[in-house]
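Asks: Just passing along the structure, written as structure tokens.
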Amino acid sequence: MFLARLYLQLGVFLDYYTGQHDPSLTNTLRQTLGMPEADDLICQIPEQQRSLFPQFGVDSNWPPTFLLHGTNDTAVPVEESRHIQALLRKAGVPVTLLEFEGKEHSFDCQPEVETLLGGAFDAVASFLRRCLQ
């Protein structure tokens, strides 16, 4: 468990999860950040690893989605949630993104999080109740 958290914090989890260290999948993806087209990114990812990236499968059949993301996330940049939100909107899928200023990746596991962010968690619970009825 501690190693998984360390790999996540170092931003190299994908390398260990996929076993692709040489070339590093993480470094390959970092080099493609900011590419304008999804095709530019997808061609950098080995075909057997593409199913790990939900942004390549977005279509109108995607379920309604509620995203929570800290703006200081060092494991998964907040731009990833913004990107998938834009893809979902373009596909006509109901999507909500809540960003938490200054929060890291596991902000929801911090002490007193229920007191500080309970309203946001209540919004997620309400969303789930509506979608799962």
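Bear in mind these aren't lab numbers, they're just calculated from the coordinates by the rules spelled out. These figures come from a predicted structure and were not determined experimentally. FYI the Cβ positions are ideal-geometry reconstructions off the backbone, even for glycines, and counts take in every protein chain you see.
Asks: Going out from 0 in 5 Å bins, what whole percent of all Cα-Cα distances in the chain drops into each bin?
Replies: Result returned by the calculation: 2, 9, 16, 18, 21, 17, 11, 6, 1, 0.
Asks: In the stretch 81-100, which residues have a backbone nitrogen under 18 Å from the label point lying 7 Å from Asp59's Cα in the Cα-to-Cβ direction?
Replies: Residues 87-94 qualify, since their backbone N sits under 18 Å from the label point.
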